[in-house]
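Just so it is clear, none of the values below were taken in a lab; they were calculated from the coordinates. Predicted model only: the values in this text are computed from it and were never measured. Note that we place each Cβ from the backbone using ideal geometry, even for glycine, and neighbour counts take in every protein chain shown.
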Amino acid sequence: MSGAAQQVITGRYLCHIGDVADGIARGFAVSGLRPKVIVVRKNGHLHAYLDACPHYTGGTPMAWKSDAYLNGAGTHLACHSHGALFELATGECVLGPCLGQSLTKIDVTITATGEVFAAI
Ligand code: FES
């Protein structure tokens, strides 16, 4: 037996880090969870949020087509229903009808081999 510490992973598998290139956002279905989980990678940082716009109670899926979660400039997550924009790093709405509200942030763990797990 080696003396190396073993990483204990809790949570649910989302994707492999290689599935989300820098500057890209993708949605991943999680078994038993209605909204997808959006994973966005920017400048080497990975962030995850429920695909549930806070404009309406219960949350509205934000993409107008598969994985279309970013605005045109790639600077913000966008809800395409009414144009809300959300900060990539915090999920806070900075423009639109839910100004000041935030997406539900999901903590993630990335293993040494690149698997991404969501703390949900
Ligand atoms: S449902 Fe997202 S901005 Fe209206």
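On the beta carbon distance between ALA112 and ASP22, with R0 = 22 Å, the FRET formula returns roughly 0.65.
Mind pulling up the Rg/Rh value for the chain? Radius of gyration and Kirkwood radius, both on Cα. Before the final figure, lay out the partial values.
Values: Rg = 15.0 Å, Rh = 14.7 Å.
With Rh from the inverse mean 1/r over Cα pairs, Rg/Rh is 1.02.
Among the lysines, which fall within straight-line cross-link reach of LYS65, defined as a Cα-Cα distance under 17 Å, with same-chain neighbours fewer than 8 residues apart omitted? Filter leaves LYS36.
Computed from backbone phi with θ = phi - 60° and the Karplus coefficients 6.51, -1.76 and 1.60, the 3J(HN,Hα) list for region 87-97 is 4, 5, 7, 10, x, 6, 6, 10, 7, x, x Hz; x is used for glycine and proline.
Among 49-60, 67-78, what's the highest-first ranking by average C-beta atoms within 10 angstrom per residue? Can you show the working numbers first?
On the way: 49-60: 18.3, 67-78: 16.3.
Listed from highest to lowest mean packing, they are 49-60, 67-78.
Backbone amide hydrogens, once placed in the peptide plane, bring SER102 within less than 5 Å of CYS93, excluding anything fewer than 5 places away on its chain. Of all aspartates and glutamates in the structure, those lying under 12 Å Cα to Cα from LYS105, and not within fewer than 8 positions of it along the same chain, are ASP51, GLU87, GLU92.
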